[in-house]
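Inspection log for the structure reproduced underneath, given as structure tokens.
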């Protein structure tokens, strides 16, 4: 990609409003181009100046809330390092690699779009890995989402069915490579007894779309996860499997 | 560095009191930033407090502006510092200052939330120029109103409006182009010139 084209997009990249699909290749260009990196750094400083314009005095109690929130997050990380979850993380990463390899084969035919989808899926799997580190493995099911068409899109879903009284169940879906103009996309859990809505997929970072939902209790007969396009057609699908 | 002579009718004014810089013993050196990040990664409470002391006001103010309520701004502030802790290992000083990195995290979280909730800030921001007055009156304790006014003075009215829509409402260049009936290329050019001018004005402030 030529610098002139990238530079046209850099103000929006710095402002964080660049179209999600353009972010990965702009970032890729920046890793290889010192000139564009310099321009980006300067624009970022302009963004920082814009942020400074809105500086306001927060309520006094907010500092302790922030410190406590970070301490809680750090505490969770420390606890899970002691938990026997290395296998879960390794499995998640292996699954990611497997999916990435499949996508790499398509990349040869479909070029950058597939490469973007592969990278998004691998990153999604890494994020799942972080979630999985927090779990014991009980009640966790996962689905690799494959396209039902010739699309290069794909993704991953994870469902947590807690057996702790009062604790919430949840589902998380992250996908990449879906065409922007065929949304909005929605994710569902499907089973013999019907479907359960996870929710609309929203743009996340680097071309990803994501949805998550908390449930009082997910019906136990859910068999797969599907993603539907704006017309209600299933575009991604994957069976839920125990981890 | 002198301010951009974009507004010859107003003499340069000394800007003071921006919390993220001179309210806390001057800007951090690159070594100090690296040390702070190392301590953040290890979950050092004091490092979190230092980071918050320097940038909490900027993050909170950005949240107020983006999301329109003190409650949402507080949540955004909390989420930003937790995200900074999670991502701290990815921070690369060679790619930018710590403050820039943190504010990008805050802005991305804020814009994501705006889009997710499909709502606009309660305080409708037509123009960045209103910043200098609104937040002061709402909060009563903005660190330095003059600093904001001086910074905004370097922008043309068209640039101020575009920055308001892009940064404080999270609109894309295409959305702005359609909304304001301005060619897309013009929007991009004005956004770039606005950012460069703000950077220079901000740099001048830091050197005082």
FRET efficiency for residue A:27 and residue B:157 from the Cβ-Cβ distance with R0 = 35 Å, rounded to 0.05, comes out at 0.60
For an R0 of 22 angstrom, estimate the FRET efficiency from the Cβ-Cβ distance between residue B:116 and residue B:180 and round to the nearest 0.05.
-> 0.35
Pair residue B:92, residue A:192: separation of 7 Å Cα→Cβ label points (nm) = 5.2
For region A:3-53, take the alpha-carbon Rg, divide it by the Kirkwood Rh, and send me Rg/Rh.
-> 0.97
Per the rule of 0.36 nm per residue minus the C-alpha distance, extending residue A:221 to residue A:180 adds in nm 11.6 nm
Based on the Cβ-Cβ distance from residue A:73 to residue A:212, what FRET efficiency comes out when R0 is 22 Å, to the nearest 0.05?
-> 0.80
Using the alpha-carbon centroid of each, what span in Å lies between region B:158-206 and region B:65-90?
-> 23
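No value in this document is a laboratory result; all are computed from the given coordinates. Keep in mind the model is a prediction, meaning the values are calculated, not measured. Glycine also receives a Cβ, built like all others from the backbone with ideal geometry; neighbour counts cover every protein chain displayed.
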